[in-house]
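Right, one structure below, let's go through it.
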Amino acid sequence: MKTVRRLFYADIVSSVGFVALAFLSLFFFIDFVEELADVGKRSNYTALHAAAYSLLELPGHVYELMPIAVLIGTIYALARLAQSSEYTILRTGGLGPGRALSLLTSLALAFGALTFVVGDYLTPLAEEAASNLQARFKGGLKLGRSGAWLKDRQIGPNGERSFSINVGSAGGGGVLRDIRIFEFDASGRLLQRISATNGLVDKHAVWTLLNVTITRWAPDAPSQAPAVAEQTLPQLVWPSTLSASVVAAAVLPLGTMSTLELLRYIDHLADNEQAAQQYEIQFWKRALYPFACLVMVGLALPFAYLHARGGGVSLKVFGGIMLGISFVLLNNLAGHLGMLRNWTPWMVAATPSMIYLMLSLAAFTWLVRYR
């Protein structure tokens, strides 16, 4: 059994590694060519920076492509064994379907663990470094047309106050740009607006704002008094409950957050009555995605029972590529449909894997019984 396990694992791991390397080379080339379009537009952004940015994107591609690489690599290894009749010899030697499935399951768990480590530890660090590189050398990190919005609540001597904070863009070193802070009282009336060109948030959730303009409204003032007062300050220290990690989660891309950070940010959004479905779907996709390697291995095993007359290795690999692409498309489509239709997040994340798991079990049962 050790010899069979060594044969399976060596062939499958080498095939999966080769497929992953081929995909990563392709994605690096595409990212690098895309980044070259920005070289020369800014004097401080060079081809070396473009190459560094493309390299930092590779861990994210490894995480996304791991189930597909596992599927294609396993199909290639098993189809090659079937074509050379080695798998037939192993079957006559006592390698039944259940034992073959258990061997591949152990290997799939290792691939799943690797996917989790890459997606939860390596990818967030690389994505954060790529975002900082982009913010430093490409004029800031764009946050869409409306920027990033955060909410905060504080209780002081004047009662409860709620704050809506808008950040227009982010620069290098954690600098926030085009900051607007709207303060409301318990009745929802606007009391003041704080505008700042730049700002920083420290580890104690204290915001240091620069070039500040404060506009105050006095809704209860008598009619002869001015209703609006404006003040300009070079610097303002604004205490808050929003930590630097919460602000980074709102400003930086989703790929920079680990599963635990996503969960914490979801709790923060729920406490402030903000929409969190997008982050909930991302959390469940991040939590369940490593198990897709198990599904892909189960989907690849039936190819070992297809003999050479059922198609060559290249045809089986092409079929595996099509299956992998369809899985990625369905996984992405389910996320968008879940957002539009307001479906349960964990069901949105689990449905593609469950569909392909049922497909793999049905194909495996049919091939074992009738082929």
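Could you please let me know if THR197 is loosely packed, with under 15 Cβ neighbours inside 10 Å and either in contact (Cβ under 8 Å) with a residue 60 or more places away in the chain or assigned to a strand (DSSP E or B) (or both)? So THR197 passes the test. For LEU48, the conditions (1) open to solvent by 50 Å² or more (accessible area, probe 1.4 Å); (2) over 29 Å from the mean Cα position of the chain (by Cα) all hold with the exception of (2). Residues that are farther than 30 Å from ALA363 by Cα and either touching a Phe, Trp or Tyr at 6+ places or on another chain (Cβ under 8 Å) or outside any loop (DSSP other than H, G, I, E, B) (or both): does segment 70-81 have at least one? No, segment 70-81 contains no residue that is farther than 30 Å from ALA363 by Cα and either touching a Phe, Trp or Tyr at 6+ places or on another chain (Cβ under 8 Å) or outside any loop (DSSP other than H, G, I, E, B) (or both).
Among residues of segment 73-100 that are closer than 19 Å to ARG6 by Cβ and surrounded by 18 or more Cβ atoms within 10 Å (Cβ to Cβ), those with a Cβ under 6 angstrom from a residue that is modelled with pLDDT of 75 or more and of a type in the set (Phe, Trp, Tyr), sequence gap 6+ or separate chain, pair up as LEU78/PHE303; LEU81/TYR87. If you check LEU254, LEU242, LEU262 for being touching a residue at least 24 places away in the same chain (Cβ under 8 Å), under 21 Å from ASP202 (Cβ atoms) and surrounded by 13 or more Cβ atoms within 10 Å (Cβ to Cβ), only one passes: LEU242. Could you check, for segment 32-44, whether at least one of its residues is in a helix (DSSP H, G or I), crowded, with 16+ Cβ neighbours inside 10 Å and out of contact with any His (no Cβ under 7 Å at 6 or more places or on another chain)? Yes, some residue in segment 32-44 is in a helix (DSSP H, G or I), crowded, with 16+ Cβ neighbours inside 10 Å and out of contact with any His (no Cβ under 7 Å at 6 or more places or on another chain).
Which ones in segment 334-357 are open to solvent by 90 Å² or more (accessible area, probe 1.4 Å), part of a helix (DSSP H, G or I) and under 20 Å from ALA287 (Cα atoms)?
Initial filter on segment 334-357 (open to solvent by 90 Å² or more (accessible area, probe 1.4 Å)): 336, 340-343, 346-347, 354.
From what's left, part of a helix (DSSP H, G or I): 336, 340-341, 346-347, 354.
Result: HIS336, TRP346, MET347, MET354.
The values are calculated or read from the model by the stated rules, or taken from the named source; none is laboratory data. Keep in mind that what you see is a predicted model, and the values were worked out from it rather than measured. With ideal geometry, Cβ positions are generated from the backbone for all residues, glycine too; neighbour counts draw on all protein chains shown. Each accessible area value is taken on the protein alone, full model and side chains, heavy atoms only, with ligands, DNA and RNA left out. Shrake-Rupley method; radii C 1.70, N 1.55, O 1.52, S 1.80 Å.
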